[in-house]
């Protein structure tokens, strides 16, 4: 769970920042409870984010948004220190190992990873500090949101207010045999209609690499997924019926309809667990955002 939250927070940072390269500045950008936040602190974070996400190199950063984020992190970390919230070192080492492996793969080798780190003016202690801080924030998040519960009436209200999300269109499950030669297709149609095993014929003759091994089974599909000629034949046939040859841009198809499911609305009972999980995450984020707002209101923050 912590890994998931850590990755979510990291992804949120990337989406927010759209970062560029860095240069170490000494100008004071803000004071938080009397503690100065200098430009170099922001530049170092920019360096870290572009090290983690080299595709963002050269893009213009939103420095004001990053400064606001760093102010919030500083308040959260101070709050965590006051309440003795800190990750265990073995947890830090575990995440460092995962992150290092991912970055070595990203950069191509351990040597290129080390070079990129040095080119950014960073050291491993910067990575350790970042991971410790983010894990601390995850722990605070978990503690702040531990009591969040979704009421049954909220789940039902979401379901009723978003009916379009739970509509499933008519679907067909079909098998097919695809060949390029029309005469072969007509011969295979006759053999299948005479009672030969359709799946065996598909495995032997079909030229569709995506379904051949599965005996031509395409699974369930709604309208709009297949080319028009194939769709019309599949949806127009009865369950168990074998039709064809149907000519498309891919060749000639012999189609056997295995099952049909009519259009329907997914029930609340089927979706309740998913809706509850979605609403719980949404309410947790709202609770955490409110907590950060409270910390900011209590703090002395001076933006310069």
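Show that you can apply the helix-only estimate: for the chain, add -39,500 (n - 2.57) for every DSSP H stretch of four or more residues, divide by all residues, and state [θ] at 222 nm to the nearest 500.
On the way: 11 runs with 170 residues, N = 304.
That calculation yields -18500 deg cm²/dmol at 222 nm.
Cα axis of helix 182-193 to longest principal axis of the chain: angle in degrees, 0 to 90, nearest 10?
So the inclination is approximately 80 degrees.
Once you have the Cα-Cα distance between residue 282 and residue 33, take 0.36 nm times their residue separation minus that, and quote the gain in nm to one decimal.
On the way: separation 249, 0.36 × 249 = 89.64 nm, distance 3.04 nm.
Difference between extended and current length: 86.6 nm.
Go ahead and run the numbers for FRET between residue 101 and residue 57, Cβ-Cβ distance against an R0 of 22 Å, rounding to 0.05.
On the way: r = 21 Å, r/R0 = 0.98.
Calculated value: 0.55.
Semi-axes of the equivalent ellipsoid for the chain, please: Cα gyration tensor eigenvalues, times 5, square-rooted, ordered largest first, whole Å.
Values: eigenvalues 632, 147, 55 Å².
They are 56, 27, 17 Å, listed largest first.
What's the exposure ranking of 179, 227, going from fewest to most Cβ atoms within 10 Å? Let's see the in-between values first.
Working: 179 21, 227 12.
By the 10 Å Cβ count, ascending, the order reads 227, 179.
Just want the ordering: 148, 243, from fewest to most Cβ atoms lying within 10 Å of their own Cβ. Mind dumping the intermediate values first?
Values: 148 16, 243 19.
Lowest to highest Cβ neighbour count: 148, 243.
Which whole-number percent is the relative contact order of the range 209-299 (Cα, under 8 Å, 6+ apart)? Walk me through the numbers before you get to the answer.
On the way: 52 pairs, mean separation 13.8, N = 91.
Over the range 209-299, the number comes to 15 percent.
For the range 161-217, compute Rg over Rh where Rg is the Cα radius of gyration and Rh is the Kirkwood radius from the inverse mean 1/r over Cα pairs.
Values: Rg = 16.0 Å, Rh = 12.9 Å.
Computed over Cα atoms, the ratio is 1.24.
At 25 °C and a viscosity of 0.890 mPa s, what translational diffusion coefficient does Stokes-Einstein give for the range 34-74, taking Rh as the Kirkwood radius over Cα pairs? Give it in µm²/s as a whole number.
Using the Kirkwood radius from Cα pairs, D works out to 225 µm²/s.
Rounding to the nearest 10 and keeping the result within 0 to 90°, find how far the Cα-based axis of helix 89-107 lies from the longest principal axis of the chain.
60 degrees
For the chain, take the longest principal axis of its alpha carbons; what is the angle in degrees between that and the long axis of helix 63-82, to the nearest 10 within 0 to 90?
Computed tilt is about 70 degrees.
Could you state the number of Å between the C-alpha centres of the range 256-304 and the range 101-123?
36 Å
State the Cα centre-to-centre distance between the range 125-200 and the range 206-243 in whole Å.
20 Å
Calculated FRET efficiency, residue 129 and residue 83, Cβ-Cβ r, R0 22 Å, to nearest 0.05?
Numbers: r = 20 Å, r/R0 = 0.89.
Computed FRET efficiency for residue 129 and residue 83 comes out at 0.65.
FYI, it's all coordinate maths here, none of it is from the lab. This is a predicted model, so every value here is computed, not measured. Neighbour counts are summed over all protein chains in view; Cβ atoms, including those assigned to glycine, are modelled from backbone coordinates with ideal geometry.
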